[in-house]
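Contents: one structure, followed by commentary.
The values are calculated or read from the model by the stated rules, or taken from the named source; none is laboratory data. Quick caveat: nothing in here was measured; it's all calculated off a predicted structure. Heads up, the Cβs are rebuilt from the backbone with ideal geometry, glycines too, and the neighbour counts pull from every protein chain shown. In case anyone asks, the SASA skips ligands and DNA or RNA and just uses the protein heavy atoms, side chains included. Shrake-Rupley method; radii C 1.70, N 1.55, O 1.52, S 1.80 Å.
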Amino acid sequence: MAERENAAEPLLAPAPSPSAVRTTKPGTKRLLVTLSILFSGLLFLPIFYKSTEIYRSPLPFSSISSLSSHLHSLHPPIPTILHVLFLRSHPIDSAASQRISDLITLDLQSRTKTQVSVSISVQSDERLGSFDLSDDEALDAFLVGMVDASVYTVVVMEKAVDGNVKVVVGKHRHAWVVGMMEEREVVRMIVGVFWKYFVNGGREDGEMVGGEEGEALPVGLDGSLVLSFSLLNADPSEGVYDWEIQKTNRVLAPILESLAPMANISLESQVLYHAPKSSISNWDDRLGGYTLSTTDLPFFVNSNEWHLDTSIAAPGRSKVLQFVVYVPSSAEWPLVLQFPNGETSKTNSFVSPMWGGVVVWNPPRSFGDPQKPYSGKYIISDEDLQKIFQVFIGQLRVLFGLRSNNLDDAEVGVTKFLASQNGFTEWELDVLYRRHAYLNLLSCASTLDSLSKLVKSLPRMIIMDEIGKQIKLSLEVASLAQSYVSRGIYDTAAAFSRKARALAEDAFYHPSIMSISYSSFEHSIAIYMPFFVPVSLQVLIAAKKELSRFRRERAKYLASSA
C-alpha cells in the first residue's frame with residue numbers, strides 16, 4: 001500500500017545551479033575597455049603606415065615615356081634646305097630649272113627619308129667681273145656676301161678652267177663648281193658635295209660623324225671636358241726638355257670657342273720626367289733611326305710610368321682627353337713611327353679613341369755630335385710648338401668624329417677644301433652640333449627612361465623634390481633643343497641638349513637615390529612583425545574571450561527574465 005502511494009507522487013525537477021542563473025543585467029565595462037584597446041590598435045595601423053611611408057616626389061612618367069619613344073623613332077637630323085645658285089651669262093629656262101631641282105630631290109630621296117627643300121636661282125656672272133677664280137680664299141669671302149650664310153648653297157659657275165672642272169668646298173656653308181658640264185654631271189656634283197660633306201661631314205654613307213646611338217661621346221656626362229697636355233721626358237739624365245705652352249693660347253682659344261656649345265672645356269698642362277714607353281723600337285739603316293711599328297702602338301703608352309690621370313680640373317663625371325708629347329731618349333733617337341707597308345708617319349703621331357693622342361717629338365741634333373740629340377736644358381721652339389699643336393688639333397678633330405684634314409675627293413670630284421684658322425669650318429661645326437645634339441638627346445631620354453623604370457620597380461625609393469625638378473627641367477630643355485634642331489640653329493640645339501643630358505644625369509646620380517632605404521613592403525613587415533604580432537595576438541584573444549563571456553552572461557539574464 002505504501003509502495004503504491006510513493007509511486008503515485010510526481011517527480012520534482014532538479015534545482016538550477018546558482019552559476020546558471022543571472023538575475024542582473026551583465027555590465028559592458030569590461031567589454032568596452034577590451035574593444036577600445038582593439039580598435040585603438042586598428043586605428044593606429046594606418047597612422048603607423050603613414051609615418052613609415054617613403055617620400056616620393058611625383059614624376060612625369062608619361063612625358064618621359066613620350067620623349068623616349070619619340071627620339072628613338074627619329075633619324076639623325078640633317079639640313080632640310082639646299083640652295084643652288086647658277087652664275088651664268090644667260091638665264092636658265094624654268095623647265096630646265098625644275099628638271100634640275102627634281103633630279104636633285106629624287107637623288108636625295110633615295111638617300112634619306114627626310115624631306116629636303118631644293119631651290120634654284122640664277123644670277124648674272126657679271127657680278128664676278130674680272131674676279132680671279134683661282135684665288136679660292138678671296139672667292140670664298142666674296143660668296144659670303146652673295147648668298148644666305150644660314151643656308152647650304154652650291155654655286156655653279158659656267159666658266160672654262162684648266163682641268164675641266166674645279167670643285168671647292170669653302171670655310172662657310174657654301175661650295176662652288178667651276179667648269180662646263182652637262183646637266184646630270186652638275187646634279188651629281190651638287191648632291192655629292194651636299195650629302196657627303198654638308199650632311200655627313202666627309203664620311204661615307206652609314207659612317208655618321210660622332211658615333212652611332214649608344215657610342216660614347218668624348219664629353220663627360222656632366223657636359224665638361226678637360227684637355228690635358230703633357231710633355232714626357234723619357235730620360236732626363238741626358239737632356240731636360242720644357243715648353244712655353246702659354247704661347248699656344250692664341251691657337252687654342254678659337255677652337256675652345258667653336259666647341260663651347262658641345263662641352264664646357266678647360267685646359268691643363270704638365271711636364272713629366274722618367275717616362276719611358278712600354279714598346280721596343282728597332283734600328284733601321286735605311287731611315288737612319290729607330291722605328292716603331294704602328295702594330296705596337298697599343299703597348300706604347302706606359303700606364304705604370306706615365307702618371308697622366310692626376311687632373312684636379314676633372315671632378316665627378318668629367319671627361320679627360322690626354323695629348324702627349326713624347327721625347328725619346330738618346331738610346332732610341334730619332335724615333336719614327338712606321339706603317340706595316342714600310343712608309344713612315346708624316347706627323348709621327350697616333351690617336352687612341354676616347355683617350356687622346358700622342359706626338360713623338362725628336363729633339364734637334366747636338367752641335368758637337370750630329371749623331372746624338374741636344375743635351376742639357378732645352379725649351380721647344382715656337383715653330384716646333386706650333387707644328388705640334390697643329391697635329392693636336394687634327395687629333396682633336398678625329399676624336400670628335402671628323403677627319404684630321406680634308407684632302408681632294410676624286411669620287412665626288414672635289415679638288416680643294418679650304419681650312420679654317422680655328423680648326424673647324426662652319427659646315428663641319430654644324431655636322432658636329434647636329435650629331436652631338438642628337439646623341440645627347442638620346443642619352444638624356446635613355447637616362448630618364450632608366451630612372452623611371454628604377455623608380456617604378458622600387459616603391460620605397462626616396463624621390464626628393466629636387467630630383468623631380470631636375471627631371472622636369474631636363475624634359476623642358478630637351479624640348480627646346482628639339483625645337484632649335486628643327487629650325488636649323490644647331491649650335492644652340494647642341495648647348496641645350498648638353499644641358500638636358502647633364503640634368504638627367506644629375507637626377508639619376510642624386511645622392512638621395514643612393515640611400516639604403518630601398519626595402520620592399522614585405523621586408524618592412526618582416527622587420528616589424530616580431531614587435532607587433534605577439535601584442536596584437538593577445539589583444540585579439542582577449543577581445544574574443546570577453547565578447548564570448550558577454551554573450552553567455554546576457555543569454556543567462558534573458559533566460560532568467562523569461
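When we measure straight from the Cα of LYS113, which lysines land under 18 angstrom away, once same-chain ones fewer than 8 places off are left out?
LYS196
Accessible area per residue for the stretch 64-208 in Å², computed with a 1.4 Å probe and the full protein assembly in place, what is it?
Numbers: 6850 Å² over 145 residues.
Result: 47 Å² per residue.
Counting pairs of alpha carbon atoms under 8 Å apart in space and at least six apart in sequence, what relative contact order in percent does the chain give? All intermediate terms of the calculation are to be shown ahead of the outcome.
Values: 842 pairs, mean separation 109.0, N = 562.
Over the chain, the number comes to 19 percent.
Find how much the distance from VAL539 to ILE489 grows on full extension, using 0.36 nm per residue of separation minus their present alpha carbon separation; answer in nm with one decimal. It would help to have the intermediate numbers written out before the result.
On the way: separation 50, 0.36 × 50 = 18.00 nm, distance 7.20 nm.
Once the chain is fully extended between VAL539 and ILE489, it gains 10.8 nm.
Quick one: if you stick a label point 7 Å off each Cα along the C-beta vector at SER134 and LEU43, how many nm between them?
Spacing of the two 7 Å Cα→Cβ label points: 10.3 nm.
Ranked by accessible surface with a 1.4 Å probe, highest first, in what order do LEU143, LEU540 come? Show your work: numbers first, answer last.
Numbers: LEU143 0, LEU540 95 Å².
The most accessible residue leads, giving LEU540, LEU143.
Return the loop-located trypsin sites (Lys or Arg not before Pro) in the stretch 393-485 (DSSP other than H, G, I, E, B) with at most 13 other Cβ atoms within 10 Å of their own Cβ; answer none if there are none.
On the way: sites: ARG397, ARG403, LYS416, ARG434, ARG435, LYS453, LYS456, ARG460, LYS469, LYS472; in loops: ARG403, ARG460.
Answer in residue order: no site qualifies.
Ignoring ligands, DNA and RNA, please state the percent of accessible area on the stretch 25-110 from carbon and sulfur, probe 1.4 Å. Intermediate values should be presented prior to the final figure.
On the way: 3460 of 5330 Å².
The C+S portion of the solvent-accessible surface of the stretch 25-110 is 65 percent.
Tell me the net charge near SER63. Cut-off is 10 Å between Cβ atoms, SER63 excluded, with +1 for each Lys or Arg and -1 for each Asp or Glu. Can you show the working numbers first?
On the way: positive: LYS472; negative: GLU476.
Taking every other residue near SER63 into account, the sum is 0.
Accessible area per residue, 1.4 Å probe, Å², for the stretch 413-498: what's the number? Each step should come with its number before you reach the end.
On the way: 3320 Å² over 86 residues.
Roughly 39 Å² per residue, with all protein chains present.
Dividing the convex hull volume of the alpha carbon atoms of the stretch 239-321 by its residue count, what do you get in Å³ per residue?
Working: hull volume 15.1 nm³, N = 83.
Per residue, the Cα convex hull of the stretch 239-321 comes to 182 Å³.
Specify the longest stretch of the chain that does not include any exposed loop site, a site being one of the GluC sites (Glu not before Pro) with a non-H, G, I, E, B DSSP assignment and at most 13 other Cβ atoms within 10 Å.
The longest uninterrupted stretch comes out as 412-562.
When only C-alpha pairs under 8 Å and at least 6 residues apart count, what is the relative contact order of the stretch 220-300, in percent?
Working: 84 pairs, mean separation 31.1, N = 81.
Here the relative contact order equals 38 percent.
Give me the percent of the accessible area of the stretch 144-186 that comes from carbon and sulfur atoms, probe 1.4 Å, all protein chains in place. Could the numbers behind the result be given before it?
Values: 870 of 1920 Å².
Of the solvent-accessible surface of the stretch 144-186, carbon and sulfur hold 45 percent.
Tell me which lysines have Cα within less than 30 Å of LYS50's Cα, excluding those fewer than 8 residues away on the same chain?
LYS453, LYS456, LYS469, LYS472, LYS544
Viscosity 1.002 mPa s, temperature 20 °C: what is the translational diffusion coefficient of the chain from Stokes-Einstein with a Kirkwood Rh over Cα pairs, rounded to a whole number of µm²/s? List each step's numbers first, then the result.
Values: Rh = 30.7 Å.
For these conditions, the coefficient is 70 µm²/s.
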